[in-house]
Amino acid sequence: MVPTMADLQLTDDVPPVADDGVWLACIECGETFAPFDEIRYTCDHCDGLLEVRYDDLPTFDEFEGSGVWRYNAALPFEEGITLPEGDTPLHEMPRLKDDIGVDALRVKHEGMNPTGSFKDRGMTVGVRVAQEVGVDRLACASTGNTSAALAAYGARGGMETLVLLPAGKVAAGKIAQASLHRARILEVDGNFDQCLDIVQDLAARGEAYLLNSLNPFRLEGQKTIGLEIMEEFYADNGEYPDRIVLPVGNAGNTAALYKCFRELVKAGAITEEQVPKLTGVQAEGAAPMVEAIENGYEDTRRWDDVETRATAIRIGNPVNAPKALPGIRETGGTAVAVSDEEITEAQRDIAGEGVGVEPASAASVAGLRKLRREGEVDSDESVVCLTTGHLLKDPEAAAEAGNEPEPVANSTEAVLDLIEEPSSVTETIRRQASKAADAPLVPALVASGLGVAYLYRKLRSKK
Ligand code: F0G
């Protein structure tokens, strides 16, 4: 089959299948489908990805209220199953801004959603659609956050939820959420991509309604991240951001943001020049999108072996790549891979300004730092980094990245003795030791000296 280019143009023709001005269109062959009559996730004819289309696209003055449903003029329903979600903070990061060296830096902290990740925005819409099409068993494959969100929104909607997780590769907080919200949790001896293969099979057999980001309605909810960023950044700065940097796994968010911007341009709310450059960041051990951007591939090539400490983005086959790659290219953005060490360092830097994020989220800041260092990002740019999940999602990673607790005897004297030592010694030594270990030019002696000092402290504190 000759691959066709993704058709992401928003046309003016309303097809007869439209229901109240809403329909589904295949981005590959252009075929259109009624939105809620039958359940489908891809095109019946060519298996291409589907996109939700509207006869009428709103400008900013049509939005009112707060949260995801403020933007209902850009969504398929007036309201959904809500907890409620959205309206997340757009933090200023003054020290990090100076340190990285950009004109403006904001962190959009999606970890402040009800279940602690941006997935809630997709689920509030997706579970509403599930109600509309009349299903009662919802399912997803997940690296963790999608399962937590699906379980919570499914519970809220009174529906049964089934989640498939890669065994041993999901952070503790996320499993705890799925479990308490009464999801049936199946731990698969395989990675996320293999879990998704199975869930797609189940959905094709009519066993469950699929709520991964392959479901085009999920992306409608996630589009509101872009709407919030644009509105709030403009209100604070009198202009839109030059660039949005985000972590990429299945590339759903990248696709959703691109759709958000295309719709705003089509509605006349912004000009093409005002569209922020979409910049995707992946972990080095799971970077098929970066590979595709660097090599000019039309689609990604599946990575069978993936590994990263940022387990949320431990993904080798981003299903939304046909929507997301044009988004990165057409907006003049780029994609970059960062090491797990760079991710941890960024997680500490963000936490140092009071904002707690999980490792995958910190990839955005790590990526920005790297691109700035390489001169890909200019010092006069205004940038928004998306942090997608809360620190408490992965408490183990947070504890490993942070300061060691110091045991102390049960007396004021002992506490005074301990705190007389210069504060943050442990942290400084640890940082220097890990930096020294990474830098081959630093004499091994210094590195091992610091290492011994660190070990000594660790042993002492364990007594
Ligand atoms: N950041 C976090 C914290 C995530 O959980 C995910 C995806 C991403 C970034 C990547 O977003 O897929 O839209 O490119 N997590 C999914 C899950 C795969 O199952 O929770 P994407």
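Points to keep in mind about this one:
- Note on the chain: percent of Cα-Cα distances in each 20 Å bin, starting at 0 and stopping at the bin with the largest distance, equals 25, 56, 17, 2, 0.
- Adding -39500 (n - 2.57) for every DSSP H run of four residues or longer, then dividing by how many residues the chain holds, sets the calculated 222 nm ellipticity at -13000 deg cm²/dmol.
- Cβ charges +1 (Lys, Arg) and -1 (Asp, Glu), total dipole of the stretch 275-395, debye: 280
- Built amide H within the under 5 Å cut-off of residue 138, gap 5+: 160, 161, 162, 209
- When the C-alpha to C-alpha distance is required to be over 25 Å, the pairs from 169/370; 108/174; 119/323 that qualify are 169/370.
- Those trypsin sites (Lys or Arg not before Pro) in the stretch 232-303 that DSSP places in a loop and that have at most 16 other beta carbons within 10 Å: 301, 302
- Judged by the gyration tensor of its Cα atoms, with axes a ≥ b ≥ c, the stretch 119-214 is oblate; a/c meets the 1.5 cut and b/c is at least as large as a/b.
- For the stretch 161-237 and the stretch 266-339, distance of Cα centres in Å: 18
- Nearby aspartates and glutamates by direct alpha-carbon distance to residue 266 (threshold 13 angstrom, same-chain neighbours under 8 apart not counted): 12, 55, 56
- With contacts taken as Cα pairs under 8 Å and at least 6 residues apart, the chain reaches a relative contact order of 15 percent.
- Under the span-like rule (Cα at least 30 Å along the axis, Kyte-Doolittle mean at least 1.6), DSSP H helices of the chain: none
- Cα-projected label distance for residue 160 with residue 47, points at 7 Å along beta-carbon direction, nm: 2.9
Every read-out reported here was derived from the displayed coordinates using simple, explicitly stated rules and does not represent laboratory data. None of these values were measured; they are calculated from a predicted model. Don't worry about glycine lacking a Cβ; one is built from the backbone with ideal geometry, like all the others, and counts go over all protein chains shown.
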